[in-house]
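The values are calculated or read from the model by the stated rules, or taken from the named source; none is laboratory data. Computed from a predicted structure; not experimentally measured. For neighbour counting, all protein chains shown are included, and Cβ atoms are generated from backbone atoms with ideal geometry for every residue, glycine included. Each accessible area value is taken on the protein alone, full model and side chains, heavy atoms only, with ligands, DNA and RNA left out. Shrake-Rupley method; radii C 1.70, N 1.55, O 1.52, S 1.80 Å.
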Protein chains: 4
Amino acid sequence: MSPHTNERSVHNDNDVTLSLSGLALHSEAGAPHLGSNYRASNGRKSKKSILTDSYLKTHSGNSFHETDRPLRPGIYAPTPAFFDPETEDLDLPTIRSHSVRLVKAGIVGLVTQGSNGEAVHLSQSERRAVTAATRGALDDAGFGNVPVIVGCGAQSTRESIELCHDAMLSGGDYAMVLPPAYYRALYNGESQYEFFSDIARESPIPILIYNYPGAVAGIDLDSDTITKLSKHPNIVGCKLTCGNTGKLARVANAAPSGFMTMGGSSDFTLQSLIAGGKGVIGGLANIAPKACAEVFNLYVEGRNEEAEKMQAVVARGDWGAIKGGVVGTKSCLQTYFGYGGFGRRPLPRPTPAQEAVYKEDFEELLLLEEFLENGCRGSDIHSDRIKEFSQLVELEHMLV
Amino acid sequence: MSPHTNERSVHNDNDVTLSLSGLALHSEAGAPHLGSNYRASNGRKSKKSILTDSYLKTHSGNSFHETDRPLRPGIYAPTPAFFDPETEDLDLPTIRSHSVRLVKAGIVGLVTQGSNGEAVHLSQSERRAVTAATRGALDDAGFGNVPVIVGCGAQSTRESIELCHDAMLSGGDYAMVLPPAYYRALYNGESQYEFFSDIARESPIPILIYNYPGAVAGIDLDSDTITKLSKHPNIVGCKLTCGNTGKLARVANAAPSGFMTMGGSSDFTLQSLIAGGKGVIGGLANIAPKACAEVFNLYVEGRNEEAEKMQAVVARGDWGAIKGGVVGTKSCLQTYFGYGGFGRRPLPRPTPAQEAVYKEDFEELLLLEEFLENGCRGSDIHSDRIKEFSQLVELEHMLV
Amino acid sequence: MSPHTNERSVHNDNDVTLSLSGLALHSEAGAPHLGSNYRASNGRKSKKSILTDSYLKTHSGNSFHETDRPLRPGIYAPTPAFFDPETEDLDLPTIRSHSVRLVKAGIVGLVTQGSNGEAVHLSQSERRAVTAATRGALDDAGFGNVPVIVGCGAQSTRESIELCHDAMLSGGDYAMVLPPAYYRALYNGESQYEFFSDIARESPIPILIYNYPGAVAGIDLDSDTITKLSKHPNIVGCKLTCGNTGKLARVANAAPSGFMTMGGSSDFTLQSLIAGGKGVIGGLANIAPKACAEVFNLYVEGRNEEAEKMQAVVARGDWGAIKGGVVGTKSCLQTYFGYGGFGRRPLPRPTPAQEAVYKEDFEELLLLEEFLENGCRGSDIHSDRIKEFSQLVELEHMLV
Amino acid sequence: MSPHTNERSVHNDNDVTLSLSGLALHSEAGAPHLGSNYRASNGRKSKKSILTDSYLKTHSGNSFHETDRPLRPGIYAPTPAFFDPETEDLDLPTIRSHSVRLVKAGIVGLVTQGSNGEAVHLSQSERRAVTAATRGALDDAGFGNVPVIVGCGAQSTRESIELCHDAMLSGGDYAMVLPPAYYRALYNGESQYEFFSDIARESPIPILIYNYPGAVAGIDLDSDTITKLSKHPNIVGCKLTCGNTGKLARVANAAPSGFMTMGGSSDFTLQSLIAGGKGVIGGLANIAPKACAEVFNLYVEGRNEEAEKMQAVVARGDWGAIKGGVVGTKSCLQTYFGYGGFGRRPLPRPTPAQEAVYKEDFEELLLLEEFLENGCRGSDIHSDRIKEFSQLVELEHMLV
């Protein structure tokens, strides 16, 4: 395959870190960025990251917790909380094994108690159990350097701070905080700013802002607010699930240099990166971690043509994840990987017809994931099915 | 009109029960319905209540908890959770004294952990403490018959059921449940119905449906859903804070006879009653319990003209409570009664200018409340101020 | 004008006008308030209306248009614009005949180019044609005194004023104006106030404010704004389709005495009246004009028990009209009356299954309407079907 | 200041088409992509466009209007309708001169009667006048090849089709259509699809879909619907003002090859392009056409680093345009260019304080625009002010 050498020749030295436009990729163990069986990109030029500080920070020189696990640019997965299908009790073994699977596939950090993690369906003790199990599983599997971010949003500042303490004690490295919404009509123009800065001041671990209007009655933090908050030494990033990449561009360019501005869904990975973002926290990474990570990797390597084609496949697959949310994600995991179960009530359980739809929604993407895993088309069935997806065939030819 | 003789025999004594159009008023101690100093309504016609069953039910003949404290038609107050202004810790003594004050003024039941009660700002143990304190205060003050309803909404069916158990163990008689909203995009057409019926099936105490779209991202249960749920033997009422009195009319006329269809704000008390409702759960009752209760009483007594004029004053006062929510309610209590404090962060604390606005918003109503308390204008200042409110003067002349 | 003191002697003289709580009912030809065949309310006392000013104003003594057709308290119908089912051209003969049918049944005024009138689907010349046809039909049928209100809302102040002029030239007496919404993010706190007062200042006919958040992206004028506007000499009323009867109470009690505060749907007729409203503009009056009007009439006569039962039937029927809007209304008219047709595209045309649902939604109400028309159950089929509706049977027994 | 005339000679070399990742740039007269005074990008590699068909279509081989003015990839401006500040009458001379200014600066097409064009504030005859003036001005200035797109959305299919005819007769090449929203509660799942396909079938000119939830009560067409519509031979593009670039990626990759998937705001230009989009229709191009166009041009040339830095400046400037909408845009034009005036009522007129805010919001961007125009810092004042903007200084150094 012919590299886009002409476009990228700017970046010509020979460090282990590749970089483009402020993004860095470390080819460390634990973050394999390419399927093992396709041609390694040896010989491509690389240079010292201009963003290495984002690895080393977070905000050194202040009195806050200095985590040993910095947030690296890349793809993060907000993991589901798995439950016993009969009792709805936590299924910690599955939570553990799923976490390890993702990190082995190239995911650079995990988020517990995000929207996929059914945070709002868990008791405080369950939250602690999930985070501790996740941390423990990573450590046991040799991924002690992979950070765990813990969803710590609550309606009151007080409870959110408590959750941050709980998160730290359970092994969490960062807290990701949703804005409160219940009393939205009573808040004034400063309430959200004060909420986050109060938490940042009192949290023992650094926090990320989680902007997801669809989950909080439409509350949508703007670039002015997020930028202002980004100056706080204990606020180190944000997840923009609003999908507003214009906002992302403004924040990314105005925030301190190590601030982790991240997209909130895998269907706009490239869009986040080209706007100055450092990565994505996207639920689709639970289903196709290699494909999600590979969009990032190809971009960082300057292989834009493949990146764009892979982004297209990922965006199509993400449409299923966006429509189905944690319900569709669990259905897909159950169908394709034999585990997943169901969300807690009142989340509905899909009918067989709905399961079939989810199966179909993710088929193309999982064929790609299988290709990235195995480097070739694994079976006749696969060979048969893949013909249905001409753009996927084209992409795989480019990658091989 | 033929009485529902069997159901009513409790209240057949010397005409203590007045009724109109299916509403009943007991002039019991603890629920004084008229300020003591103004003309008693002797000689007014009265009739047998057609709704006494609402006193005796709830849904006898089933296996559910048979509370000793039936829900009587009338005005209910969703009490605030008071906090120490420095530490934000619970201020249980104020919670106790406030509860007693309301019931003495004619409020027929209290709701803990409603929107005014900052349910979403409380830990589970704090929720228990508030409910137990409220129950205890009522018992100690001789109001053992006054029911306590406990807000038990949560995002998961599981947690909501747990809260119902907690509520019962803390002395709560009923659970009031908000619909979940976080995963609204994933729910199907039956999810809300199943949420409520699952909880009703497993809750040890009867439940009321709390329909308040403004608090739950716009989720608005329709009359079909509420009517269907009203058939469940352990669902005994609803609070419609949506303000849709057409819906209220449909529910009230289709639900089982003892079902407590209630309005959710004092500014539509008469509108709820004439549509078939049995009362109102309204935050304004924390500020002006006598005035709120009196709108109900006058209607039941058939004194429509006074009722409508009093409703107008109450509706004007309620505008302050609606705009200010728990923030304005606490500010008003602090200004006029010397207690109240502030909501937990991120609820803002009013500036002095905002406090002055809240003071003004509630002035007319509190002049009326004072009149109902004292039966005359208590002071020169009162005399001076009241001239500003011509409709209030007119109303007081009618009542004296 | 006579003082309010004797409002409750209500039914004490033998005038043609009955009144209660500020509402007046004229038993004029053209506004028959009772089906001819059931017991006349002879002997009930009546008196001069205390609201005669609302008949005579609108705001005499100013330079504005003095219409010969004052707005009387009662029920108004926003009439559909009927179209040829093939060409979608206006069907003016049906518009004419429908108008006359409603007024004969007791409707006291018509509204063209409301939401049921598909205002936003009509060209300016079509708007003029519909209004002129409506006015002409009423005049030709001897209802020269029945006013026509014309929907004149537009996104720009300029166009709205033009529509007011057009309305007057086409025979309209009043303009009903929706707030603009397209640039809602750009408006400031005064924009809506200025929009209405600018139009009021320049319109040749008096205007009514149409508050319908569901039609204008959620814009919901509050009681402060409407009350402030009600002081303008050329703003004479409002239609509150928001359903907020607390707001209605505040407006009705703060607006000038002749201001026509009206509910916006027939399912809260009584609720509007008891809150101080003067009537209702409701789409259901297109389907069951007698039943809608009779709720009003019974209330005015002080027959609350029957009023409440009839309100219940009307509210159930209105649920069909609310869900189906103009689509359901036209389907119902087609099914039960043989005319109606369809809305203009993109309004969908109901499938046969949907038509059957609409038929069922309105059945109870139309049995009542037939009863009010004929004074007895007209046919065996009717007799059979009516047994399905126990509350209707009960109501009819009360009325006979 | 150097004239615009020599901007065109730049790209008159042998390779007429530059391309990257499916985007093509034609160095035709009328589409200058670089300010004349900064370093030409000689020697950069280029290749034949893979998308040349997007120039040649639109959907050749069908019976629809074959415009002489194909839609080229690039930046489009939705022009304001200018008004006389006293009378609010159309100011056609300013509409003409503004149009020419934009096209001279590198804008590849104009949109009349978009949201910036106050379409909803114009009568049908005014709409025709604006489009005809725009077309005429372009022709007179030698830009006969620059297409004019005309906003043709309406609530009814019928009116929208009429507007399409009007647009063609006034010189419009394409119609851009917003989805209807007034009766949104009555539409079924197919209504929006049918609306667009009905219009496409009957419109004499090709249409583009305009997806802007903020303007139409939240109606947000999804990728499935837009993709399905993209197959229609007379639907040739879309403007996604929703900002959802994941959706944009899905549409761009599933639509026919010549379909013009475009972003709807200049703050996500690169994000649109990398997701497969062909350009942007963004209001900011009215203020800073060169800067907006240059983001596109730099990307197409593969100069990603400069592109990203310029995108950052543009995104910051766009925040002013997004917040201020047409009000802020006109204020900015008035302040910096001496024309602009005001929107029609009820759009508010900015206070002097607000004007100062808009001035500041756009300052950095307009310093960049001036630099692109003149190729150097033009004045001492400029030199002084530019120091405030360190990223701008850095960018200009890269470009010089």
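At-a-glance table
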quantity: Segment C:67-304, accessible surface, carbon-and-sulfur percent (1.4 angstrom probe); calculated: 49 percent
quantity: Partner chain coverage, peptide C:331-341 - average Cβ within 10 angstrom; calculated: 0
quantity: Dipole magnitude of segment C:67-304, debye to nearest 20 (Cβ charges: Lys/Arg +1, Asp/Glu -1, about Cα centre); calculated: 820 debye
quantity: Dipole moment magnitude, nearest 20 debye, segment B:148-223 about Cα centre, only Lys, Arg, Asp, Glu C-beta charged; calculated: 100 debye
quantity: Dimensionless Rg ratio for segment A:291-345, taking C-alpha atoms and the 2.2 N^0.38 Å reference; calculated: 1.39
quantity: Debye intensity ratio in log₁₀ form over the Cα atoms of segment C:67-304, taken at each q of 0.07, 0.12 Å⁻¹; calculated: -0.20, -0.60
quantity: Ordering of B:312-323, C:84-95 by burial proxy (mean other Cβ atoms within 10 Å per residue, highest first); calculated: B:312-323, C:84-95
quantity: Segments C:172-180, C:303-311 sorted - mean Cβ within 10 Å per residue, highest first; calculated: C:172-180, C:303-311
quantity: Per residue accessible area in Å² of segment D:67-304, where ligands, DNA and RNA are left out and the probe is 1.4 Å; calculated: 23 Å²
quantity: Sites matching GluC sites (Glu not before Pro) across segment C:99-187 that sit in DSSP coil, with at most 14 neighbouring C-beta atoms within 10 Å; calculated: none
quantity: Qualifying GluC sites (Glu not before Pro) in segment C:166-232, DSSP loop, other Cβ atoms within 10 Å at most 12; calculated: C:E190
quantity: Within 10 Å of each Cβ in A:113-119, the average number of Cβ atoms from other chains; calculated: 1
quantity: Extension gain (nm, one decimal) between B:D89 and B:S123, 0.36 nm per residue minus Cα-Cα; calculated: 11.1 nm
quantity: Positions from segment B:133-157 whose accessible area shrinks by 20 Å² or more when the full protein complex is built, not the chain alone, probe 1.4 Å; calculated: B:Q155, B:S156, B:T157
quantity: Anisotropy class of segment D:264-400 from Cα gyration tensor, a/c 1.5 cut; calculated: oblate
quantity: Threshold 50 Å² - residues in segment D:234-283 whose accessible area is reduced by that much or more when the chain is no longer isolated, probe 1.4 Å; calculated: D:R250, D:N253, D:Q271, D:I274
quantity: Signed unit charges on C-beta, dipole axis of segment D:67-304, positive-most listed residue D:T227, D:G171, D:T87; calculated: D:T227
quantity: Accessible area buried between chains D and A, both sides summed, probe 1.4 Å, in Å² to nearest 100; calculated: 2700 Å²
quantity: Peptide-level mean, for D:173-186, of C-beta atoms on other protein chains within 10 Å; calculated: 4
